[in-house]
Amino acid sequence: MGLWAAHFHWTVLLRWDVLGWSIGILLAVGGLMLTFDQYTGANVCFVIVAALILTKATAATIAAPDPPLGRILFTFLIFGIVGVGIVETVRGVNHWRSTRQTSQSQPPPRNIYHVPLSDRVDASDGVNAKKSRAPQQSLTGKKNGQVGGGVTAGPCSNVQIGGSNNQATTNCVPPPPPARTLSNTDLEKLRKALTVNIVPKPKVAVKSVGADTDMPAFPNQVTQAFSGGGWDVIPIWSGSSGVLVLKNGSAIAPSQDGLHCAFRDADADRPEVKQVLQAFKNAHLPCERTDDSPEGGALLMVIIGPKMYPH
């Protein structure tokens, strides 16, 4: 029995060599369990370490020949330090578990608020597109009058003020429409405004009709915004020059097409459809509904034609 007692009795755990290895291994196992989010197992390892230390302190106090007051003071200090240490350790592990579980259970934020985009910016030079100026009306001839300085006339109009034998020139060239190409900042805002977080991804068709100076750059940006916002994008390129029928029954030619959205009546109240319409409205690119049906099994189809010229 002496052999068994020397190697397998529980008091063997209190020998300094065995105790040192036991505490080191338990601390390593506890730390490894924290890495794999096994918080209960880590707490058990730390509590066993504290129990071994307190047991060793108790055994050493009982076997010591010191006076009772010294042993009581020693026991009080060891139990106090180890007790506070293990309580704070367990509390720290539990707090870390709560923080990790809260962060993992929260879904990614869904952007349902739309911030109006800034005024259109020409992506080619990075400066605000300048509004075209109407030519200043000039008056020639005898006995002409001039009121308050220069006279400015709008497109396809003329001004003739008093006098005789004067001449008025008329300029009927309409100003070019503003560029629709988005800057990087506005493109990112549009992407955030279009972002959805549903499975499976909703399908959207982006159809380009005709040609213009900002095509295919602008349709590519719209496709990029939808794709980055979690949509399944179906790009459709068409050179058709037919007539597009709006939902109100009016018809427009693709040369004055602009931006339009097609979706079924049954999907008109879908949150994703409303989100797309609001996103384009906030981007100063209102998407007017048409009678066309979405192609490719898409929930919604965005039809992009040449820029709208002013009437």
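Read the figures in this text as sums done on the coordinates, not as results from a lab. Note that the structure is predicted; figures quoted are calculated from it, not measured.
Which pairs break 21 Å Cα to Cα here: Lys192/Lys281; Lys207/Lys307; Lys192/Lys307; Lys201/Lys307?
The answer is Lys192/Lys307; Lys201/Lys307.
Can you list the aspartates and glutamates whose alpha carbon sits under 17 Å from that of Lys56, skipping same-chain ones fewer than 8 residues off?
Reachable aspartates and glutamates: Asp17, Asp66.
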